[in-house]
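Data first, discussion second: the structure below is written as structure tokens.
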Amino acid sequence: QNINEYVAALIALKQKMIDGDRLLTEYQQKCTDILFYEISALRCQVEQMLQKILPLEKCQEELGSLKAELEEKKVCL
């Protein structure tokens, strides 16, 4: 009977290991899914920011040109 109990305990332990591995795999997949979602959301935010920044950079360049032009005219006057 001791051998039967020992075998039953080993079988139960093996099942718990299998269940633990399955839970770990599911947890890792959920973590991967969450990271993918967060990275996608961050990429979207970065793209939106770039779309806002690019026109501002162009305006800054134009203002720099206008400033240089005004300085030139000021010197001439």
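The values are calculated or read from the model by the stated rules, or taken from the named source; none is laboratory data. Every value quoted in this text rests on a predicted model; they were computed, and no experiment measured them. A quick note on method: Cβ atoms are made from the backbone with ideal geometry, for glycine too, and the neighbour counts reach across all protein chains shown. Just the protein is used for accessible areas: all its heavy atoms, side chains included, with ligands, DNA and RNA removed. Shrake-Rupley method; radii C 1.70, N 1.55, O 1.52, S 1.80 Å.
At a glance:
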read-out: Sole residue being under 18 Å from the mean Cα position of the chain (by Cα), surrounded by 10 or more Cβ atoms within 10 Å (Cβ to Cβ) and assigned to a helix (DSSP H, G or I), chosen from Thr32, Thr25; value: Thr32
read-out: Residue list for segment 52-70, filter: within 35 Å of the chain's Cα centre (by Cα) and open to solvent by 100 Å² or more (accessible area, probe 1.4 Å); value: Lys52, Leu54, Leu56, Lys58, Gln60, Glu61
read-out: Breaking point among (1) open to solvent by 100 Å² or more (accessible area, probe 1.4 Å); (2) modelled with pLDDT of 95 or more, for Lys73; value: (2)
